[in-house]
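> The structure is given below, and queries will be raised subsequently.
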Amino acid sequence: MVEAISFTHRLRWLPLLILCIGLWLTWLQHAGMDKRQQELARARFEMQAREVVFRLERRLQANVDVLHGVTGLFAASGLVERGEFRAYVETLRLDVHYPGIQGVGFSQWVATPDIPRLEAAIRAEGFPQFRVHPLKVDAAHQSAIVFIEPFDWRNQRAFGFDMFSEPIRQQAMRRAVETGEPSFSGRVTLVQETEEAPQPGFLIYLPIYQKGPPPATSAGRWAQLVGWAYSPIRAHDLFTAFLESEFPAMRRHFGLRIFAASTADADALLYDDLPAGSSESGLSFTRTLMLHGTPWHIEIHPAPDTPLWDGDERSIGILWAGGLLTVLLALLAHVLLRSHRLIQSALEQSVRTQRQLAESQAALRLAGTVMDASPLGIVATNARRRIVSVNPAFTRITGYSPDEAVGASTRLMDLRPLRNGSLKAVWQALEQQGTWEDELESRRKDGSLYPMRLSITTVRDEHGTIQNYIGLFQDITEQHKAQENIRRLAHHDYLTGLPNRAMLVERAAIELQGAQRYGHRPAILFIDLDRFKPINDQFGHEAGDAVLIEVARRLSERLRESDLICRQGGDEFVVLMPDHHSTEGLLRLAEKLLQAIEMPYEVAGQRMTLSASIGIVTYPEGGETVDDLIRSADAAMYRAKADPLRKVYVAGASEGPSTG
């Protein structure tokens, strides 16, 4: 009995001890949950921010691709007319595919003494007010904006402007010429701006050289410089359109600030939509984005009214539940002080409750990484590469429902590297670096293949062991189609669909090699339409374009499949014959082509006729190289055009073979 009393006496402080320990453990659990929720919120925010930067960089690269198309147009056509440039830009549908771009233009590099001649030529096109400004008579060269589309009231303010006269623009233009690569300018105020709601802007430049490979030296590049393809961009319009189109649901949850510099320099600020108090949460994401050698400083902060984590109510609930449970345990200990077994059971129950709570938090942390609102497909796997979670975008892109995907191996997606490499190398890179990103090819549930852009990140525990892989991917089929269209425009005439000069030169070089090896006799017919300019002047460019399309069709129908016909530019066409047997055969072909051209045309309810002059040259009499043959054929065409008694002239032939 004495021992029992002594035992009870020794345990009289046990309820208080249980109360203190229970409250202390509850507080630790409460604090731990808050910390985990904050870490989860930070990881979620950084993932969203990386997605914003990734898609912003892709949007800016799309703008650069537009300028590559312009350089391809110049390389293909040589002398680009205003109507051709306008038609090309209209096919891009800037307002649909590239929202935010102010326009696409061409700035010509012109010697200062030649400026009056340039001004006179453009005024003759119907722009009597055109002038190069500001005019610097002491400069050896100046630049002049001669093409800018769309040619609306705002872009007309830049018509004729010398961008090289302004230091910030000049720095970017010099960098583009001397590297041969795209170049982004710093922050400027575009000449398109007015006093009403002005906004910062920047420009993208891409140099255009004379035909042939770009010179290897800086001096050579300046000597061969024709001008710059460029895009003036109003920063607020571009980035606002980007956020509204790419992140319509997420935009109100974060603010974006962009500087055209490597640091947060106020003078370089391009865009700032951070609401007041955005930085009070303590979360931020900063990234320096390199745009073809030009650094941009980007900051992203969550909006002040955005709920970063929902742990407050849960942690308070744990605090109340834990406190209440502790009090109950203490009361139970006080009431059942003599029953050590019941007290021990209550403590075990408390431990089980804490363990279940921890397991629930682990499940919540994993579920939080799968963001249903993301437009990118998201897939999470375990360390054995078994899929554990997917989002709705995954199902939309691949066709596999969550029930079909979860538990399956990543082989379900049938990933295939587009470049040299293997999936084994991908997993090795993830093991060593923790991240990997590139383009792959994947197979949908219906069996169709599609290209994707995939970014994978590893999730490791506190010991550095990989626990999960998180993959974000996007179907880039449309992007590839746009790139293929740009590549096609570089080798085909945009109006008639015929091969252009670039493809002619490539094919002719191949035929000359075959001629040297097998003794073939290639020939070139250079065709120039007569009386075509009056059609444009009288009936308009649309009628002229319709005539050119019909001429291309007629000529194509009268040639062999082995022959190549291209539109040289304007109203000039060139026919390449891989082999011919006699001059008489060439003359018969030329006569057949003339008859096709001279047939009447019905355009816009008008009946009209054309004629043509044809110069013929054969290999090797007309030259040993492609350029020599084309120049000889061009010269022969002008001989035919100069003689009113003939329409065809064979270079190197006597007066007899040519026809009138």
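The values are calculated or read from the model by the stated rules, or taken from the named source; none is laboratory data. This is a predicted model, so every value here is computed, not measured. FYI the Cβ positions are ideal-geometry reconstructions off the backbone, even for glycines, and counts take in every protein chain you see.
> Return the residue satisfying two criteria in turn: it lies in the range 428-439 and is touching a residue at least 24 places away in the same chain (Cβ under 8 Å) and more than 23 Å from the chain's Cα centre (by Cα), and of such residues it is surrounded by the most Cβ atoms within 10 Å (Cβ to Cβ).
Across the range 428-439, the extreme among qualifying residues is Leu430.
> Please work out if Lys647 is surrounded by 14 or more Cβ atoms within 10 Å (Cβ to Cβ), of a type in the set (Lys, Arg), in contact (Cβ under 8 Å) with a residue 60 or more places away in the chain and more than 18 Å from Leu512 (Cβ to Cβ).
Judged against the criteria, Lys647 is not a match.
Residues checked against (1) assigned to a loop (DSSP other than H, G, I, E, B); (2) outside the structural domain of Leu504 (by TED's automatic domain parsing); (3) at pLDDT 95 or above; (4) closer than 25 Å to Glu506 by Cβ:
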site: Ser562; (1), (2), (3), (4): yes, no, no, yes
site: Gln568; (1), (2), (3), (4): no, no, no, yes
site: Val575; (1), (2), (3), (4): no, no, yes, yes
site: His580; (1), (2), (3), (4): yes, no, no, yes
site: Lys592; (1), (2), (3), (4): no, no, yes, no
site: Arg607; (1), (2), (3), (4): no, no, no, no
site: Gly615; (1), (2), (3), (4): no, no, yes, yes
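> So Arg221 fits all but one of (1) touching a Pro at 6+ places or on another chain (Cβ under 6 Å); (2) closer than 25 Å to Val137 by Cβ; what number is the exception?
Among (1) touching a Pro at 6+ places or on another chain (Cβ under 6 Å); (2) closer than 25 Å to Val137 by Cβ, the lone unmet condition for Arg221 is (2).
> Within the range 557-582, track down each residue that is among the aliphatic types (A, V, I, L, M) and more than 34 Å from the chain's Cα centre (by Cα).
Answer for the range 557-582, where residues must be among the aliphatic types (A, V, I, L, M) and more than 34 Å from the chain's Cα centre (by Cα): Leu559, Val574, Val575, Leu576, Met577.
> Separate question: So, of the residues in the range 388-405 that are under 30 Å from the mean Cα position of the chain (by Cα) and closer than 13 Å to Arg444 by Cβ, which turns out to be surrounded by the fewest Cβ atoms within 10 Å (Cβ to Cβ)?
Arg396
> Please go through the range 440-480 and give me each residue that is surrounded by fewer than 16 Cβ atoms within 10 Å (Cβ to Cβ) and either of a type in the set (A, V, I, L, M) or over 20 Å from Leu40 (Cβ atoms) (or both), ordered by number.
Once the filter is applied, which keeps residues that are surrounded by fewer than 16 Cβ atoms within 10 Å (Cβ to Cβ) and either of a type in the set (A, V, I, L, M) or over 20 Å from Leu40 (Cβ atoms) (or both), the range 440-480 yields Glu441, Arg444, Lys445, Asp446, Gly447, Ser448, Leu449, Tyr450, Ile466, Thr477, Glu478, His480.
> From the set of residues in the range 485-525 that are β-branched (Val, Ile, Thr) and in the same structural domain as Ser632 (by TED's automatic domain parsing), which is nearest to Ala546 (Cα to Cα)?
The qualifying residue nearest to Ala546 (Cα to Cα) is Thr496.
> Quick one: which helices (runs of 4 or more DSSP H) sit completely within the range 1-105 and have at least 3 residues that are modelled with pLDDT of 80 or more and surrounded by fewer than 14 Cβ atoms within 10 Å (Cβ to Cβ)?
14-77, 94-97
> Answer yes or no as to whether Gly160 is at pLDDT 95 or above, more than 25 Å from Asp65 (Cβ to Cβ) and small (Gly, Ala, Ser).
Yes: the conditions hold for Gly160.
> So, one more: Cβ-Cβ distance below 6 Å, separation of 6 or more or different chains: which pairs start in the range 382-409 with a residue that is farther than 23 Å from Asp461 by Cβ and end on one that is acidic (Asp, Glu)?
Asn391/Asp372; Pro392/Asp372; Ile397/Asp475; Gly399/Asp446
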